[in-house]
Amino acid sequence: MYRYDEFDRTLVRERVAQFRGQVARRLSGELSEDEFRPLRLMNGLYLQLHAYMLRVAIPYGTFSARQMRALADIARRYDKGYGHFTTRQNIQYNWPRLDQVPDLLNELAEVEMHALQTSGNCIRNVTADHYAGVAAEEIEDPRIYAELIRQWSSLHPEFSFLPRKFKIAVTGTPHDRAAVKVHDIGLHMCRNEAGEPGFEVLVGGGLGRSPFVAKTIRGFLPKHHLLSYLEAILRVYNQLGRRDNKYKARLKILVHELGAEAFTELVEAEWAELKDGPVELPAEEIARIESYFAAPPYETLTGEALEAQNREFEVRRFEDRDFARWLRSNVAAHKAPGYAIANISLKPEGGVPGDISADQMDAVAELAERFGFGEIRASHQQNLLFPDVKLADLYALWQALGRHGLASPNIGLVADIIACPGMDYCSLATARSIPIAQAIGERFADPARQHAIGELGIKISGCINACGHHHVGQIGILGVDKKGEEFYQITLGGAADENATLGKIVGPAFGYDQVVDAVETIVDTYLDVRAGGETFNQTLARVGFAPFKEKLYAAH
Amino acid sequence: MPLIKGDRIAEDPWITVGDEEVLPEGAPAIVSLARWRAERDTLAGRNAPLGIRLRADQPPGEIAAELDRFQVIALEFPSFGDGRAYSYARLLRARHGYRGELRAVGQVLRDQALFMRRCGFDAFEVAAGTGVAGWREALGEISVFYQPAEDGRPAAHGLRRNGNAATPTPAADAVHDEDLGPSSPERDLSTERLGNDGYR
């Protein structure tokens, strides 16, 4: 895991002190709210419906047990005992008081964390594959590059006042878990013909009001040119991105209006000037960062010991159906023999997606130390995971998680819903999302039923800004307001992986009381018509929308 | 509008001349791009220093071939959030080799000061009443930089490679008298270069 050195520590400390000064100037009235707004946003502080909300960065979703304990402490002292994991691998607190925020940030700095650039029109906290470093088919650990981007983008003097927010995601495997195609810049590691690792560079993806899937502007970028190429893209965007209309200000609109080809030409021309310049990464710096992400000391079992471990694991799996079910949905293959990736669902029945109590945070920290080298990951699906758990420890881990309400066997299943805060918390929302997520979770509460349905992603947004990523849900739900009444538009067939697609609207919207029935009808129809092991999108591609429409609207 | 250069309010001999206004006889004048284009010969033949003011939608590439005509280039910030001129400033310094005064005009607040200076600005037209003390404080708030820019300060990765430790945070009252930099030796060098001699 990356550890701060003196430079990182100094910068974060100074940034906290700077923000403390800005807060003091706001409280004294020297700064108006209009002047303070962009300053607080650059430090992750939003004004929400009821109070301030602080978004804390978890760069590329990797953090430690020690950091989790600090997050728990902050939840108790500054929030109401809760934290909320977001779709961008961050954590949010909903009730901090403005005058206390600098102290809160100081506590974060103690454990090498910050809220830098988690909002505002700047380069946001960079995200990466949550299985980074442990996925079998990985070319290189994307966190090396995500950390380099984190540093390069922090307080970037040229790119802190962009036309709009700017999101970068990095993934290191052919299968994309980081949704790079719906980011302003997606970096997908690949190899060139000589077998050297580098990046496919994609630009102009994004959801929101005008969703776009990113386009490739460079098939292969040698990795040491990463920062000069990013600087070229950002410089073109900073000069040409629209500033007359905030809804047309994202990079995706510029790429769309210019056309990907013309945009590529501008970037390549700018890059020709920046390439091999001072921003370029020296190989030693890449190697230095890389050394922080070395694998933990895995135990290599052989012969009888390995067999004994496997035998015990198999017996547990055979004897305990609940454990077997959890393994099937929540545990993923690991690159090291004898180890597994254990996902922790933050989507319990009736819960709020992504919410976690301070006590649960402490429990997760303790279990990470006991079973997972003290390392925790946050996924953009608003769940957590331990990347390195011994097969032999999975049973004890599962039991312990269960005692804290953290063993819901539903990762990737119908109850693993992504939802934005919606009208319950957000001032932009036009409809509720959390109660819809809860009601769907209750409707499909039976784990056996969820497992019979199999992988199925439902995503819910409470307004067209699409924070719940409904466009890329296999089933997407968008809450809209029609003359003061909440309605929900359903889209089908979205995906955010390497085959990213935007879902298409299935038909007229449903009322608040009908939307859960509609989702159930869609799921039942899918089960009726699916062939063999087809996924939802495969079935949809084969049969089209007709069977779904028929069932949904036949009675109307 | 007060002008801040280095660490203090500076005399501003320049007169920003509107497109319809008469040019001041023998005095330094800043004109718009439109006026420069329309009256290039007259302006070039004038016996006084000339400056140009570019709007946020006028990238400096428009005058790249004529930079030696201008002793001042003023870049407009129409609002706090409009960051185009940060790119323009870096392009002028690094790409086009401009070494004259680079002046930030428009909405210029202390919270942008450090970013502006890092991008190559060395003169700032601020609102009346802007305290120089606050401005100095703002420039000293951050001492570590992750990326190279146009202020000659080394990026953290370069310092790491050379085995240097991070320079300690300068206390607000320890700001050097002669310029805005904190008091470490390497910092003084870069700020002197910036404040007094323009750019390398």
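The values are calculated or read from the model by the stated rules, or taken from the named source; none is laboratory data. Everything quoted here is computed from the prediction, not taken from an experiment. Heads up, the Cβs are rebuilt from the backbone with ideal geometry, glycines too, and the neighbour counts pull from every protein chain shown.
The table for this structure:
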{"quantity": "Any hit, region A:448-457, residues being of a type outside the set (Gly, Ala, Ser) and either modelled with pLDDT under 95 or in contact with a strand residue (DSSP E or B) (Cβ under 6 Å, 6 or more places away or on another chain) (or both)", "calculated": "no"}
{"quantity": "A:Ala260 vs. criteria over 31 Å from the mean Cα position of the chain (by Cα), in the same structural domain as A:Leu202 (by TED's automatic domain parsing) and aliphatic (A, V, I, L, M)", "calculated": "no"}
{"quantity": "Residue within region A:91-114 that is touching a Ser or Thr at 6+ places or on another chain (Cβ under 6 Å), of a type in the set (A, V, I, L, M, F, W, C) and not in a loop (DSSP other than H, G, I, E, B) present", "calculated": "no"}
{"quantity": "Given (1) touching a Ser or Thr at 6+ places or on another chain (Cβ under 9 Å); (2) farther than 30 Å from A:Pro337 by Cα; (3) surrounded by 24 or more Cβ atoms within 10 Å (Cβ to Cβ); (4) not hydroxyl-bearing (Ser, Thr, Tyr), number of the condition A:Lys167 does not satisfy", "calculated": "(3)"}
{"quantity": "Unique residue being acidic (Asp, Glu) and part of a helix (DSSP H, G or I) when the list is A:Glu455, A:Glu442", "calculated": "A:Glu442"}
{"quantity": "Residue count, region A:190-208 (criterion: within 21 Å of A:Ala495 (Cβ to Cβ) and either at pLDDT below 95 or in a loop (DSSP other than H, G, I, E, B) (or both))", "calculated": "4"}
{"quantity": "Positions within region A:8-39 being within 22 Å of A:Val126 (Cα to Cα) and at pLDDT 95 or above, in sequence order", "calculated": "A:Asp8, A:Arg9, A:Thr10, A:Leu11, A:Val12, A:Arg13, A:Glu14, A:Arg15, A:Val16, A:Phe19"}
{"quantity": "Extreme residue, nearest to the other protein chains (Cβ to nearest Cβ), among residues of region A:18-39 that are closer than 18 Å to A:Met113 by Cβ and buried (at least 17 other Cβ atoms within 10 Å of the Cβ)", "calculated": "A:Gln18"}
{"quantity": "A:Ala407, sole failed condition from (1) part of a helix (DSSP H, G or I); (2) small (Gly, Ala, Ser); (3) in contact with a helix residue (DSSP H, G or I) (Cβ under 6 Å, 6 or more places away or on another chain)", "calculated": "(1)"}
{"quantity": "Pick from region A:1-13, criterion surrounded by fewer than 20 Cβ atoms within 10 Å (Cβ to Cβ) and without any contact (Cβ under 8 Å) to a residue 12 or more places away in the chain, ranking: nearest to A:Glu375 (Cα to Cα)", "calculated": "A:Asp5"}
{"quantity": "Number of positions in region A:119-144 that are more than 14 Å from every other protein chain (Cβ to nearest Cβ) and in contact with a helix residue (DSSP H, G or I) (Cβ under 9 Å, 6 or more places away or on another chain)", "calculated": "12"}
{"quantity": "Filtered residues of region B:66-120 (kept if at the interface with chain A (Cβ under 8 Å from one of its Cβ atoms) and either among the acidic types (Asp, Glu) or not in a helix (DSSP H, G or I) (or both))", "calculated": "B:Phe80, B:Gly81, B:Asp82, B:Gly83, B:Leu109, B:Asp111"}
{"quantity": "Qualifying residue in region A:81-88 (condition: farther than 25 Å from A:Ala466 by Cα and in the same structural domain as A:Ala17 (by TED's automatic domain parsing))", "calculated": "yes"}
